[in-house]
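Note sheet for the following structure.
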Amino acid sequence: MSKTYFSTATFRFLRALSRNNNRAWFQAHGADYERHVREPFLQLIADLQAPLARISTHYRADPRKVGGSLFRIHRDTRFSRDKSPYKTHVGIHFFHEAAKAAASVPGFYLHLQPGESFAAAGIWHPDPPALARVREAIANGSGEWKALRKAKLPIEGGSLKRPPRGFAPDHPFVDDLKRTDFVTSIRLGDRDVCKPGFIGDFAKSCRTMAPLVRFVSRSLDLPW
């Protein structure tokens, strides 16, 4: 029987945290966080190592409690007016093995938040050198990019109002050259996340989005 990772208790905890975003409440409900959120996520990450390797052997599912694929629940409030100490969502990311050596690398992502969960892939806010290389690949007529656009994989993220310097305004992919992010996503309902077999559904979503990650990887000369 397919394994179930998350339950209504996972989303109930996150909703309660959004109403009680303070250290005293979190400390009093730390056991619920471990049982319904952190432990299921770490197990999912460990179980995704094999499915992810079938997509690419260069992307890592790291189940370490600290420094791995699971994002910290604590917010960095140093430069924010919002001093709420905790995130009200949970995310995991699977980045390229070159992540420590390169400032910007593509990856796969899972975001859990009541009513707003999604799977995503691509590269978000790439640094200028990485962004320039992706744009160059598009401008030079990448066959992979043409196939992506023909397949109508939705590309999301920020865009400039005008073409970036050095690119013709009448380029056939000018709207793509304006992009500052190259991300695609698939929405997930709370029930989808909680049902048995979710790991298979997420792996399928990653396979659907993989052409974008592959294109960005090759644009950055990263092995796929």
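The values are calculated or read from the model by the stated rules, or taken from the named source; none is laboratory data. Source: prediction; values computed, not measured. When we count neighbours, we look across all protein chains shown, and the Cβ atoms used for this are built from the backbone with ideal geometry, even at glycine. Heads up: the accessible areas ignore ligands, DNA and RNA and are worked out on the full protein's heavy atoms, side chains in. Shrake-Rupley method; radii C 1.70, N 1.55, O 1.52, S 1.80 Å.
Considering region 37-58, and only residues there that are of a type outside the set (Gly, Ala, Ser) and assigned to a loop (DSSP other than H, G, I, E, B), the residue that is most open to solvent (accessible area, probe 1.4 Å) turns out to be Thr57.
A search for C-beta distances below 6 Å between a residue of region 165-193 that is closer than 27 Å to Glu116 by Cβ and any residue that is open to solvent by 30 Å² or more (accessible area, probe 1.4 Å) and among the aliphatic types (A, V, I, L, M), counting only pairs 6+ apart in sequence or on different chains, returns Lys178/Leu160.
The condition of being buried (at least 19 other Cβ atoms within 10 Å of the Cβ), assigned to a loop (DSSP other than H, G, I, E, B) and either at pLDDT 95 or above or within 19 Å of the chain's Cα centre (by Cα) (or both) holds for only one of Leu148, Leu222, Leu212, that being Leu222.
Annotation note: of Ile92, Ile73, the sole residue that is more than 18 Å from Ile199 (Cα to Cα) and among the β-branched types (Val, Ile, Thr) is Ile73. Out of the residues in region 59-102 meeting the condition of being surrounded by 11 or more Cβ atoms within 10 Å (Cβ to Cβ), assigned to a loop (DSSP other than H, G, I, E, B) and small (Gly, Ala, Ser), tell me which one is modelled with the lowest pLDDT. Here the residue is Ala102. Of note, Val183 does not satisfy the criterion of being touching a helix residue (DSSP H, G or I) at 6+ places or on another chain (Cβ under 9 Å), assigned to a helix (DSSP H, G or I) and either open to solvent by 40 Å² or more (accessible area, probe 1.4 Å) or modelled with pLDDT of 95 or more (or both). The set of residues from region 103-128 being over 9 Å from the mean Cα position of the chain (by Cα) and open to solvent by 10 Å² or more (accessible area, probe 1.4 Å) comprises Ala103, Ser104, Val105, Gln113, Pro114, Gly115, Glu116, His125, Pro126, Asp127, Pro128.
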